[in-house]
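Structure first, commentary second.
The values are calculated or read from the model by the stated rules, or taken from the named source; none is laboratory data. The structure presented is a predicted model; accordingly, all values stated were derived computationally and were not measured. FYI the Cβ positions are ideal-geometry reconstructions off the backbone, even for glycines, and counts take in every protein chain you see.
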Amino acid sequence: MNRREFFKISWGAVGIGALISGVGVSLAAVLRFLTPSVFYEPPQSFKIGEPGDFPFGPPTFLVAEKIFVFRDREKGFAVASAVCTHLGCTVAHFSSDQRFHCPCHGSVFAADGSVQHGPAPRALDWFEVTMARDGRLLVNKDKVVPPNYRLMV
Amino acid sequence: MMNLIREIWQSIVRRDPLSTDKGKSELVFLNVWLHIHPAKVKKENMKFRHTFYLGFITFFLFLILLTTGIALMVYYRPYPPQAYQDMKDLQFVVFMGPFLRNMHRWAAHGMVICVFLHMCRVFYTGSYKRPRQFNWVIGVLLLLVTLSLSFTGYLLPWDQLAYWAITVGTNIGSYAPLIGGQLRELLLGGHSVGEGALIRFYVLHVAVLPAVMILLTIVHFWRVRKDGGLSRPVWKLEPKKTETLVTIGAPAQIAALQAAAASKDKTYGLMEVVSGKPIFETVTPDEEEDTVFSYPYAFVREAVVLMATVTTIMTMSLFLNAPLEELANPAKTPNPAKAPWYFLGLQELVSHSAFLGGVVAPALMVLMLLAIPYLDRNPSRRTGDRKLILWLFTIFVVANLVLIVVGTFFRGPGWALVPPWVHVVAGAE
């Protein structure tokens, strides 16, 4: 290899390297640009009210939060997700059979959230519910708890 | 004065009169919009019963969608409550609002149907075979872009139908292994369908996807042209070797062609270089008889198809109204919640298994479609030689149709199997 060839190949390698790294960095930047830095979405942890706001018996459905709040005289409070684990439709709780029914693809969940029928891959989530200092109930959707979790008030 | 008018006219139209063959050729060559056509076409290739003009119809529907879409943009704000208010304005306040929205809707449905039928036609006539393999691949991509445009457009009215179809649709995507979750987040710009999702779908629908569609369409048309125009009808395929070949557009003797000396008082230009079948095409005598100038033969036919397409969509839009349900309500899923009809086959599969039906099956279908021209090694386009693959494709088409019909007509509340002739009142809340 003579001097001329050496520089030709070297400069070619530098050029191609610059092109590839430039395109790579640009693509990464585009991907990062498309990922929001801030989500203007409701918080995952929120207060839902005082224990007295919730009746015994059939669960209370909170529309915006998409949760069911169960209150049992002996066992206490429990909070279930109303989002079907299949494709994210909102399930309905039928008091007639004590089960959750999904309108989209017919999944049925038992009273404890486990899948009884249909394409849902896993049980409905139950969320941690605690008592905040101000005496209101605090639900944390980031903390999934077993279905037998209860908060006694 | 007359001279000035003549001069202006001749500065615009620089071809010879259309009464001459040279004029007919120049009409095509010298016009930027028409020169995608060849100067001459084969009559038999333009037969209705060969192509059903499905490609033309699809393209014309796309033109309708572009024009009505731009008109609708004037009265649409892609932000949650306003988006739905704007739909109501288009329905009741804007002059010709319902008509334009109906045209956009029915042309969109029509385009999905025609793209699919066009694909079937190309398959059944074996027109994806050498040298057109890659153009089939472009065609499959165009089908995917068409479906993506339909899907992104579906969210824009921000009604119940839109909201839940997109919730279900994007959740299907999240079952894709490894990247599914991030992909959905990127598409929605959040964790659920909300204002971030609406603006992203809007940008995709009015800018990104139409640009991709236009670019791919240009490549698609260019390749059709470079591969010798429309494919030869199957019924015109003859055993090649028994034919005597003649040369059209040039003297029959090749020697005579070489002998013609370049004239000094003319300017020569290279018109185009086409591999395989150039302008001086070697064709069978039967084909030569079949060849006519594109003007007026092809152009008149295209104009008739254009007018028929526009008239049909306009007539439909006068009598059939595009549906608009109530404002999107994240708390209440309609029962049953259904995707747009062309995705109901997918939804039917998804109702059995989200991963197998929603990710594996469609991915395999698309891969299979893309690979068809490379897997099918049989060079013959004749129906008799292709029995097995024709059967396989027919099964594929029928299976898709059956799934869509079941999803559309046989699924009731809770996705239970309910025949369309049984009326069901939705179950207790």
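Restricting to the stretch A:70-87, count the residues that are at pLDDT 90 or above and away from every other protein chain (no Cβ under 14 Å).
Number of matching residues: 6.
Name the one entry in A:Ser26, A:Ser37 that is modelled with pLDDT of 90 or more and either touching a Ser or Thr at 6+ places or on another chain (Cβ under 7 Å) or of a type in the set (Gly, Ala, Ser) (or both). Outline the logic, then answer.
On the way: A:Ser37 fails: modelled with pLDDT of 90 or more.
The unique qualifying residue is A:Ser26.
Quickly run through the stretch A:100-109 and pick out the residues that are more than 7 Å from every other protein chain (Cβ to nearest Cβ) and not aliphatic (A, V, I, L, M).
If the condition is that a residue be more than 7 Å from every other protein chain (Cβ to nearest Cβ) and not aliphatic (A, V, I, L, M), then A:Phe100, A:Cys102, A:Ser107, A:Phe109 are the ones that fit.
Is it the case that some residue within the stretch A:25-42 is surrounded by 18 or more Cβ atoms within 10 Å (Cβ to Cβ), among the polar types (S, T, N, Q), at the interface with another protein chain (Cβ under 9 Å from one of its Cβ atoms) and within 23 Å of the chain's Cα centre (by Cα)?
Pass one, the stretch A:25-42, residues surrounded by 18 or more Cβ atoms within 10 Å (Cβ to Cβ): none.
No: zero hits.
Could you list, ordered by first residue, the pairs with Cβ atoms under 9 Å in which the first is in the stretch A:54-75 and under 12 Å from A:Ala92 (Cα atoms) and the second is of a type in the set (D, E, K, R) and surrounded by 13 or more Cβ atoms within 10 Å (Cβ to Cβ), at least 6 apart or interchain?
From residues that are under 12 Å from A:Ala92 (Cα atoms), the pairs are A:Pro59/A:Arg71; A:Thr60/A:Arg71; A:Val63/B:Lys332; A:Ile67/A:Lys141.
If a residue has to be surrounded by fewer than 21 Cβ atoms within 10 Å (Cβ to Cβ) and out of contact with any Leu (no Cβ under 8 Å at 6 or more places or on another chain) to count, how many in the stretch B:40-54 make the cut?
Count: 5.
Quick check on A:Thr60: is it surrounded by fewer than 19 Cβ atoms within 10 Å (Cβ to Cβ), within 14 Å of chain B (Cβ to nearest Cβ) and of a type in the set (Ser, Thr, Tyr)?
On the way: surrounded by fewer than 19 Cβ atoms within 10 Å (Cβ to Cβ): yes; within 14 Å of chain B (Cβ to nearest Cβ): yes; of a type in the set (Ser, Thr, Tyr): yes.
So A:Thr60 fits the description; yes.
Quick one: in the stretch B:159-179, which of the residues that are more than 12 Å from chain A (Cβ to nearest Cβ) and touching a residue at least 60 places away in the same chain (Cβ under 8 Å) is surrounded by the most Cβ atoms within 10 Å (Cβ to Cβ)?
Taking the candidates together, the pick is B:Ala162.
State whether one or more residues within the stretch B:366-375 are surrounded by 12 or more Cβ atoms within 10 Å (Cβ to Cβ) and in contact with a Gly (Cβ under 7 Å, 6 or more places away or on another chain).
No, the conditions are met nowhere in the stretch B:366-375.
Checking B:Ile57 against (1) surrounded by fewer than 22 Cβ atoms within 10 Å (Cβ to Cβ); (2) modelled with pLDDT of 95 or more; (3) of a type outside the set (S, T, N, Q), which single condition isn't satisfied?
It is condition (1) that B:Ile57 fails.
Specify which of the listed residues (B:Val300, B:Val360, B:Val350, B:Val304) is farther than 21 Å from B:Phe62 by Cβ and exposed (fewer than 15 other Cβ atoms within 10 Å of the Cβ).
Sole residue among the options that is farther than 21 Å from B:Phe62 by Cβ and exposed (fewer than 15 other Cβ atoms within 10 Å of the Cβ): B:Val300.
Can you tell me which of A:Lys66, A:Lys47 is buried (at least 16 other Cβ atoms within 10 Å of the Cβ), charged (D, E, K, R) and within 20 Å of A:Tyr149 (Cβ to Cβ)?
Step by step, each of A:Lys66, A:Lys47 is checked, and only A:Lys66 is buried (at least 16 other Cβ atoms within 10 Å of the Cβ), charged (D, E, K, R) and within 20 Å of A:Tyr149 (Cβ to Cβ).
Looking at B:Leu369, B:Leu392, B:Leu403, which is the one that is without any contact (Cβ under 8 Å) to a residue 24 or more places away in the chain and at negative phi?
Numbers: B:Leu369 fails: without any contact (Cβ under 8 Å) to a residue 24 or more places away in the chain; B:Leu403 fails: without any contact (Cβ under 8 Å) to a residue 24 or more places away in the chain.
When all the criteria are applied, what remains is B:Leu392.
For B:Met87, are the conditions met, namely being over 26 Å from the mean Cα position of the chain (by Cα), of a type outside the set (S, T, N, Q) and in a helix (DSSP H, G or I)?
Here the answer is yes, as B:Met87 does meet what is asked.
Within the stretch A:1-54, can you find the residues that are assigned to a helix (DSSP H, G or I), among the small types (Gly, Ala, Ser) and either in contact with a Lys or Arg (Cβ under 6 Å, 6 or more places away or on another chain) or in the same structural domain as A:Lys141 (by TED's automatic domain parsing) (or both)? Walk me through how you get there before you give the answer.
Going residue by residue through the stretch A:1-54, those that are assigned to a helix (DSSP H, G or I) are A:3-34, A:51-53.
Now restrict to residues that are among the small types (Gly, Ala, Ser): A:10, A:12-13, A:15, A:17-18, A:21-22, A:24, A:26, A:28-29, A:52.
Answer for the stretch A:1-54, where residues must be assigned to a helix (DSSP H, G or I), among the small types (Gly, Ala, Ser) and either in contact with a Lys or Arg (Cβ under 6 Å, 6 or more places away or on another chain) or in the same structural domain as A:Lys141 (by TED's automatic domain parsing) (or both): just A:Gly52.
Could you check the stretch B:93-146 and list, in sequence order, the residues that are part of a loop (DSSP other than H, G, I, E, B) and of a type in the set (A, V, I, L, M)?
Hits for the stretch B:93-146 are B:Val93, B:Val94, B:Met96.
Where the second residue is β-branched (Val, Ile, Thr) and the first is in a strand (DSSP E or B) and lies in the stretch A:115-130, which pairs have Cβ atoms under 6 Å and are six or more apart or on separate chains?
Sorted first by the residue in the stretch A:115-130, then by its partner, the pairs are A:Gln116/A:Val108; A:His117/A:Val108; A:Trp126/A:Val145; A:Phe127/A:Val79; A:Phe127/A:Val139; A:Glu128/A:Val145; A:Val129/A:Val79; A:Val129/A:Val139.
Is it the case that the stretch A:88-99 has a residue that's within 14 Å of chain B (Cβ to nearest Cβ), acidic (Asp, Glu), surrounded by fewer than 23 Cβ atoms within 10 Å (Cβ to Cβ) and over 24 Å from B:Phe410 (Cβ atoms)?
Among the residues of the stretch A:88-99, at least one is within 14 Å of chain B (Cβ to nearest Cβ), acidic (Asp, Glu), surrounded by fewer than 23 Cβ atoms within 10 Å (Cβ to Cβ) and over 24 Å from B:Phe410 (Cβ atoms), which makes the answer yes.
Whether any residue in the stretch B:15-25 is modelled with pLDDT of 95 or more, surrounded by fewer than 17 Cβ atoms within 10 Å (Cβ to Cβ), on the phi < 0 side of the Ramachandran plot and in contact with a Pro (Cβ under 8 Å, 6 or more places away or on another chain) is what I want to check.
no
Considering only the stretch B:181-217, how many residues are in a helix (DSSP H, G or I), buried (at least 17 other Cβ atoms within 10 Å of the Cβ) and within 14 Å of chain A (Cβ to nearest Cβ)?
Count: 11.
Out of everything in the stretch B:337-349 that is part of a loop (DSSP other than H, G, I, E, B) and hydrophobic (A, V, I, L, M, F, W, C), what residue ends up being nearest to the other protein chains (Cβ to nearest Cβ)?
B:Ala337
Restricting to the stretch B:312-336, and then to whatever is within 14 Å of another protein chain (Cβ to nearest Cβ) and either out of contact with any His (no Cβ under 9 Å at 6 or more places or on another chain) or not in a loop (DSSP other than H, G, I, E, B) (or both), can you tell me which residue is modelled with the lowest pLDDT?
The initial filter retains those residues of the stretch B:312-336 that are within 14 Å of another protein chain (Cβ to nearest Cβ), namely B:327-336.
Imposing the further condition that a residue be either out of contact with any His (no Cβ under 9 Å at 6 or more places or on another chain) or not in a loop (DSSP other than H, G, I, E, B) (or both) reduces the set to B:327-334.
Details: B:Leu327: 91, B:Ala328: 90, B:Asn329: 86, B:Pro330: 82, B:Ala331: 77, B:Lys332: 80, B:Thr333: 81, B:Pro334: 82.
Among them, the one singled out is B:Ala331.
For residues that are at pLDDT 90 or above and surrounded by 18 or more Cβ atoms within 10 Å (Cβ to Cβ), scanning just the stretch A:109-119, find the one that is nearest to A:Lys141 (Cα to Cα).
Among residues in the stretch A:109-119 that are at pLDDT 90 or above and surrounded by 18 or more Cβ atoms within 10 Å (Cβ to Cβ), the one nearest to A:Lys141 (Cα to Cα) is A:Gly113.
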